[in-house]
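The values are calculated or read from the model by the stated rules, or taken from the named source; none is laboratory data. The structure displayed is predicted, hence computed values, not measured ones. Note: ideal-geometry Cβ built from the backbone for every residue, glycine included; neighbour counts use all protein chains shown. When the accessible area is computed, the model is the full protein with side chains, heavy atoms only, and any ligands, DNA or RNA have been set aside. Shrake-Rupley method; radii C 1.70, N 1.55, O 1.52, S 1.80 Å.
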Amino acid sequence: DTTVVIEAGDLARSSPLRGLCERSPRAMALPCYADAARDLGEVVDETLRAAGLRVERDARAALLASLGGDRLATRSELAKLVLYAHGRSEVTIEDIDAVLSDVSGLALDAVVDAAFAADAPALEAGWPRLHAEGMAPSTILGAALRHAFALLPICLEVEGGKPAGVAVESWRGLHFRRKPLIQRQLQRWTAERMTALVATLQARVLETRRLPDLGPAIAARTLLEIANAARR
């Protein structure tokens, strides 16, 4: 009497999980296609036009880079942007940063990017802020783990011959200001080393939950280890 829903990413036809569900008489696989860049651009243009708003070319590019492939989430973010710009005729990059950027999320991304890019000064500046704000160590290392998972297929593409810039552009929902940082990280990591880091981060996230009193020390040490590995 139980229905189990499994949510996954973009699974290839050869994926064992997808094949199992497609072949089973007790399961079904439902594809949910993300908005392509062209579709996303049309949604943005139609929404802003209906609100009587223009958008600068650079601001439009930044807006598209800040949105993902989820149509409902996109419309929700655009509604906030339209409300924020009410009474004006044009949307700027400053508006997009103000409305679509989660400050705590940006701070967390900055720390993770600093660790993966071996940027010690940025890491030393960002970590105390996250700690002072009371962000859970498991949340910080969880963000690093998700970043490693996301970076792994990009590393494989680059090692397969795809230019780093092209591979980064295919990362949907990546904030435009992070793209140069991601390209720098791709120069420092291989898929093999990233796979090993994923295993380490999984163990460290579990460790912070089992030993909450030592969580901050575990998270700080792990971020420094990532930065040192990236430097090497």
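Take the stretch 108-232 with all the other protein chains still there, run a 1.4 Å probe, and you get 51 Å² of accessible area per residue. Extension gain, L72-E46: 0.36 nm per intervening residue step, less the Cα-Cα distance, totals 7.9 nm. Surface composition of the chain: carbon and sulfur atoms hold 55% of the protein heavy-atom accessible area at a 1.4 Å probe. Taking the centroid of alpha carbons for each part, the stretch 142-180 and the stretch 186-228 are 19 Å apart. Net length available on complete extension from A199 to E94 is 33.9 nm, with 0.36 nm assigned per residue and the Cα-Cα distance removed. Length gained on full extension, E56 to V166, computed as 0.36 nm times the residue gap minus the Cα-Cα distance: 37.2 nm.
With charges only on Cβ, +1 for K and R and -1 for D and E, what is the dipole size of the chain about its Cα centre, in debye, rounded to 20? Its charge dipole is roughly 500 debye. Note on the chain: helix-only mean residue ellipticity at 222 nm, from DSSP H runs of 4+ residues weighted -39500 (n - 2.57) and normalised by residue number, equals -21000 deg cm²/dmol.
Computed from the C-beta positions of Y33 and R129, the FRET efficiency with R₀ = 45 Å rounds to 0.75. Pairs of Cα atoms nearer than 8 Å and 6+ residues apart set the relative contact order; for the stretch 98-232 it is 38 percent.
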